[in-house]
Amino acid sequence: MHAASISAWLGAIDFSVGSMQINLEIIMKNKLSKTLLAMSALSMCTGAMAQLQTGEIRVLLANHPYGELIKLSIPQFEKSSGIKVNVESLQESQLTQKLTTEFATKSSTVDVFMTRPLQEGKMFSKNGWYEPLGTYDFADYPKNIMNAASFGGKPYIVPLVTEWQVLYYRKDLLKQAGLKVPTNFDELEAAAKKLNTESVAGFASRGKGAAAVTQMSSYIFNYGGQYLDKGTAVFNSKPALDATRLYGRLLGNYGPKGVTSMSWENIMPLFQAGKVAMWTDASVFYGQVIDPSKTQIPVENFDIANFPAGPKTNAPFIVSSWGMSVANQSKKKDLAMKFLNWAASKEMAIKGMMGNITMARSSVWDDNVVRSKMNPGLIETRAFAAKNGTPVDRPYMSAVGEARDLIGELVIESINTKGNSTNLDKMAKDKVDRVNEILQDSGEYGK
């Protein structure tokens, strides 16, 4: 472009570089000064853009609704930051495997990644794979979910998505049966019995071994039990076994056929098809439950309520199912932090909330626009769990997968015997001994 043409084009606009703003209409006095200023401005622009284009980073995301939202929004981040983002999306177990392999072999070029605090957090932290996030402002997050995002008193994970256990139910079926929404385990069992028919299961929850462990956790907590206590397995205690028997009794008597092979992805379609009356699971599925394109039941017949209380308390799990961290081995930590700050920002969290993704930041739950569009039951159950909930939903240990497999065998035994297994106590003692051996092997026993 000719210098005179550049001058004419620039003459009517304000040009900004950093905090400096130059009104070219006022400054330019003659053709020569206009030409020189235009050339200078272009030079400054080129320099500023060169400074903005500070490099590129590698980001690993999960195949999760919020991971997809981040991925779709990356072009906006690249445009505003000048940072090139090389992004990869993987299924959750593949993501863990890939990160573990790369970090362990010290061959990784990953800068930022999504991570599951309760599934891999302890192992990643113990191996030094997370960068400490001491300068990040965590004031906007519930204290209970921060427990699993911190190790040794230092935060390493920014919570992204939170979930808590709730009761999904069919309003129309409860009304027809003259039942109120169950508020405790006795009412839940009585309602499941009354609602159970040949065509509709009175109750559902995950029954597939290891997958069921997270959902049985709230039952155990509400009986006053735990999976681990101070680094020691205790799920053979009377409260924990009473809860395991109740879980087996509910699913064995009133659950869908074949429930011991079912996780959430198998139960949700049954619930949407009108074949389940009540379902306890994570709140994160609410948006899918009421999706008119996926349900065969009018959405006004579905609702959500607080998880029922047990004989001891009501402290259902509330956890950060996904968070984001900077890789300790990253050579671009400043760029990585810019990406993390953007991906976990309140603005992005509001976008997530508007897409029915239950975000971890507390402030977005108080946003008037969000509240006007969100189901009141979801807001209420989250507030209850944030105040009263337990910040874990599985044994909190490095070898959590092995522990879940072992506890999952107890779940199946209890379901298959409808909670009446004469072998459950012995099985539980054997599994506890095995988990304690694993804790000893990893150096976590008694800690």
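So here's what we get for this one:
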| quantity | calculated |
| --- | --- |
| Looking only at the stretch 207-256, and only at residues there that are of a type in the set (Lys, Arg) and within 19 Å of Pro316 (Cα to Cα), the one that is surrounded by the most Cβ atoms within 10 Å (Cβ to Cβ) | Arg245 |
| Residue list for the stretch 43-64, filter: at pLDDT below 90 and not in a loop (DSSP other than H, G, I, E, B) | Ser43, Met44, Cys45, Thr46, Gly47, Ala48, Met49, Ala50, Gln51, Leu52 |
| Restricting the stretch 422-447 to residues that are among the acidic types (Asp, Glu) and not in a loop (DSSP other than H, G, I, E, B), the residue that is farthest from Gly209 (Cα to Cα) | Asp441 |
| Close pairs from the stretch 423-447: first within 13 Å of Pro395 (Cα to Cα), partner β-branched (Val, Ile, Thr) and assigned to a helix (DSSP H, G or I), Cβ under 9 Å, at least 6 apart | Lys431/Ile407; Val435/Ile407; Glu444/Ile438; Tyr445/Ile438 |
| Filtered residue count, the stretch 392-447, keeping only those that are surrounded by fewer than 16 Cβ atoms within 10 Å (Cβ to Cβ) and on the phi > 0 side of the Ramachandran plot | 2 |
| The one condition in (1) among the polar types (S, T, N, Q); (2) assigned to a helix (DSSP H, G or I); (3) touching a residue at least 40 places away in the same chain (Cβ under 8 Å); (4) exposed (fewer than 14 other Cβ atoms within 10 Å of the Cβ) that Gln76 fails to fulfil | (3) |
| Checklist (1) in contact (Cβ under 8 Å) with a residue 60 or more places away in the chain; (2) more than 20 Å from Ile357 (Cβ to Cβ) applied to Gly152, failing item | (1) |
| Check on Val326, in the same structural domain as Glu102 (by TED's automatic domain parsing), assigned to a strand (DSSP E or B) and at pLDDT 95 or above | yes |
| Given (1) more than 18 Å from Asp172 (Cα to Cα); (2) in contact with a helix residue (DSSP H, G or I) (Cβ under 8 Å, 6 or more places away or on another chain), number of the condition Asp303 does not satisfy | (1) |
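Here is a yes/no grid of residues against (1) in contact with a helix residue (DSSP H, G or I) (Cβ under 8 Å, 6 or more places away or on another chain); (2) surrounded by fewer than 20 Cβ atoms within 10 Å (Cβ to Cβ); (3) not assigned by TED's automatic domain parsing to the domain that holds Gln329:
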| residue | (1), (2), (3) |
| --- | --- |
| Leu95 | no, no, no |
| Arg116 | yes, no, no |
| Gly128 | no, yes, no |
| Phe138 | yes, yes, no |
| Asn144 | yes, no, no |
| Val181 | yes, yes, yes |
| Ala192 | yes, no, yes |
| Thr197 | no, yes, yes |
| Ser205 | yes, no, yes |
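The values are calculated or read from the model by the stated rules, or taken from the named source; none is laboratory data. These numbers come from a predicted model, not from an experiment. Virtual Cβ from ideal backbone geometry, glycine too; neighbours counted across all protein chains shown.
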